[in-house]
1. Right, residue 49: within 19 Å of residue 3 (Cβ to Cβ) and at pLDDT 90 or above or not?
2. How do the pairs read when you match residues in the stretch 74-91 that are within 17 Å of residue 19 (Cβ to Cβ) with residues anywhere that are surrounded by 12 or more Cβ atoms within 10 Å (Cβ to Cβ) and at pLDDT below 90, using Cβ under 8 Å and keeping only pairs 6 or more apart or on different chains?
3. Quick one: how many residues across the stretch 27-50 are in contact (Cβ under 8 Å) with a residue 12 or more places away in the chain and farther than 23 Å from residue 68 by Cα?
4. Would you list the strands (runs of 3 or more DSSP E) that sit entirely within the chain and hold 3 or more residues that are crowded, with 18+ Cβ neighbours inside 10 Å and within 12 Å of the chain's Cα centre (by Cα)?
């Protein structure tokens with residue numbers, strides 16, 4: 001899973017954005033009681049989103065299977081999608 005997560009992060013590390021319309025976030029990981037464990041923020045321009053979505057689905061499927069096999073539990077706190085913007089030419093989460 002670590003290798004696949006690294007591939008996902010590498011896919012989302014394109015550099016420059018000119019405005020926030022290109023910025024996106026994708027949910028990654030699955031909490032045992034449901035919902036994502038985190039979001040990865042990326043610039044949608046230049047990213048092959050079909051490959052990204054496929055890799056995230058594979059990662060999430062493995063994560064869900066691991067949760068079931070190990071009978072894991074979590075805090076069950078829902079994580080909202082982040083507020084994102086293009087700041088200094090990079091898509092990132094914005095905390096107000």
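The values are calculated or read from the model by the stated rules, or taken from the named source; none is laboratory data. Everything numeric in this text was worked out from a predicted model, so none of it was measured. All Cβ positions, glycine included, derive from the backbone under ideal geometry; neighbour counts span all protein chains shown.
1. When the stated conditions are applied, residue 49 does not pass them.
2. Hits for this filter: 89/16; 90/16.
3. Final tally of qualifying residues: 9.
4. Passing ranges, in order: 23-28, 38-43.
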